[in-house]
Amino acid sequence: MHTPFTQTTIRLPAGGELAAFEAGHGPPLLCVHGFPLDHSMWQGQLAGLANRFRVVAPDLRGFGRSHGSPAVTSLDDFVADLCDLLDQLAITEPVTLCGLSMGGYIAFRFAARAPQRLKGLILCDTRAAADTADVITNRHRMVELVRKGGVATVADAMHSKLFATDSYVEQPTVAESTRRVMMRSRPEAVAAALLAMAARPDATPQLASLPMPSLWLCGSEDSITPPAEMQANAGLAPDSRFVEISDAGHMAPLEQPSLVNECIASFMTLLEHR
Ligand code: MLT
């Protein structure tokens, strides 16, 4: 897919650089990628929504073209970076934040820390619950492996779970380029993100008083964050809608960009008319 977007690089107060990719004009949509990926997972949204919205897709600290910063110690460091990015892009109006999986965990922290900067939340293929004890143990094991041997173990463990079965066959280029993105991730950023995810609080208690409307999207074949769990999470938020995206796994926005874009556009249009 050929996407006419521009790259902006900002200096972070913590040190280092944060890169963000932008397309279009209009109400701002801030797209936060999953683990261990980069902005390119939003290529379908940068290309397909730029005719109506200002789509901003950063590379989170340490990932993609963002480098030179101290490693994050919690997901709140990512939130602080996103607020700095919005400030430096002079986006003062509330944004719609769209996060996938780890991006969704970050979205919950953003909603807790800076709700006034949010017009709406779009949660893609994510969960509100904190990690279970087993998941935490596994993340710590992964951190050791990444520190000793690089990111291949994490990339291998994740790659076979990311897409719907048919997507691997019908969209081999997308699946392969996602593997390449994972393999390019810096080990220190991957380790820091694993520890930050393991330490994140449970966002479930936050849902009943979520002050902004939310849209919950989940691939019908998502085995990492299954639709039933997301639908149950969505049911706890007061002003929410849940949509299952057919023929998609954990990477619904990348696997089914047109369907996902339709959902995002109609949600954002509704928000504009409130
Ligand atoms: C992601 O896609 O961001 C990951 O599945 C998040 C996680 O490891 O919990």
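The values are calculated or read from the model by the stated rules, or taken from the named source; none is laboratory data. In this text the structure is predicted, and so the values were computed from the model without any measurement. Note that each Cβ is placed from the backbone with ideal geometry, even for glycine, and that neighbours are counted across all protein chains shown. Note: accessible area is taken over every heavy atom of the protein model, side chains too, but ligands, DNA and RNA are not part of it. Shrake-Rupley method; radii C 1.70, N 1.55, O 1.52, S 1.80 Å.
Is it the case that ALA193 is surrounded by fewer than 20 Cβ atoms within 10 Å (Cβ to Cβ) and within 14 Å of the ligand (Cβ to nearest atom)?
Judged against the criteria, ALA193 is not a match.
Looking at segment 202-225, which of its residues are surrounded by 15 or more Cβ atoms within 10 Å (Cβ to Cβ) and more than 25 Å from GLY249 (Cα to Cα)? Show your work before the answer.
Filtering segment 202-225 down to residues surrounded by 15 or more Cβ atoms within 10 Å (Cβ to Cβ) leaves 203-204, 206-207, 210, 212-222, 224-225.
GLN206, LEU210, MET212 - these are the residues of segment 202-225 that are surrounded by 15 or more Cβ atoms within 10 Å (Cβ to Cβ) and more than 25 Å from GLY249 (Cα to Cα).
Do we have any residue at all in segment 128-136 that's under 30 Å from PRO27 (Cα atoms), within 13 Å of the ligand (Cβ to nearest atom) and in a strand (DSSP E or B)?
no
Could you tell me how many of the residues in segment 4-32 are out of contact with any Phe, Trp or Tyr (no Cβ under 7 Å at 6 or more places or on another chain) and outside any strand (DSSP E or B)?
Residues in segment 4-32 being out of contact with any Phe, Trp or Tyr (no Cβ under 7 Å at 6 or more places or on another chain) and outside any strand (DSSP E or B): 7 in total.
Looking only at segment 72-88, which residues are more than 16 Å from the ligand (Cβ to nearest atom) and open to solvent by less than 20 Å² (accessible area, probe 1.4 Å)?
ASP81, LEU85, LEU86
For segment 144-172, how many residues meet the condition of being within 13 Å of the ligand (Cβ to nearest atom) and without any contact (Cβ under 8 Å) to a residue 24 or more places away in the chain?
Count: 3.
When you scan segment 76-88, do you find a residue that is at pLDDT 95 or above and in a loop (DSSP other than H, G, I, E, B), even just one?
Looking for residues that are at pLDDT 95 or above and in a loop (DSSP other than H, G, I, E, B), one finds none in segment 76-88, hence no.
For LEU97, work out the one condition from (1) among the aliphatic types (A, V, I, L, M); (2) within 16 Å of the ligand (Cβ to nearest atom); (3) part of a helix (DSSP H, G or I) it doesn't fulfil.
(3)
Have a look at ALA237, ALA265, ALA228, ALA199 and point out the one that is open to solvent by 60 Å² or more (accessible area, probe 1.4 Å), farther than 28 Å from HIS67 by Cβ and modelled with pLDDT of 95 or more.
None of the others qualify; the one that does is ALA228.
Can you name the residue in segment 58-71 that is within 16 Å of the ligand (Cβ to nearest atom) and at positive phi and, of all such residues, is surrounded by the fewest Cβ atoms within 10 Å (Cβ to Cβ)?
Ranking the qualifying residues of segment 58-71, first place goes to GLY64.
Can you tell me which residue is most open to solvent (accessible area, probe 1.4 Å) among those in segment 1-37 that are touching a His at 6+ places or on another chain (Cβ under 7 Å) and at negative phi?
GLU17
Going through segment 38-57 one residue at a time, which ones are open to solvent by 10 Å² or more (accessible area, probe 1.4 Å) and in a helix (DSSP H, G or I)?
HIS39, SER40, GLN43, ALA47, GLY48
Filter segment 102-143 down to the residues that are open to solvent by 10 Å² or more (accessible area, probe 1.4 Å) and in contact (Cβ under 8 Å) with a residue 60 or more places away in the chain and list them by number.
Once the filter is applied, which keeps residues that are open to solvent by 10 Å² or more (accessible area, probe 1.4 Å) and in contact (Cβ under 8 Å) with a residue 60 or more places away in the chain, segment 102-143 yields TYR105, ARG109, ALA112, PRO115, LEU118, LYS119, ARG127, ALA129, ALA130, ASP131, VAL135, ILE136.
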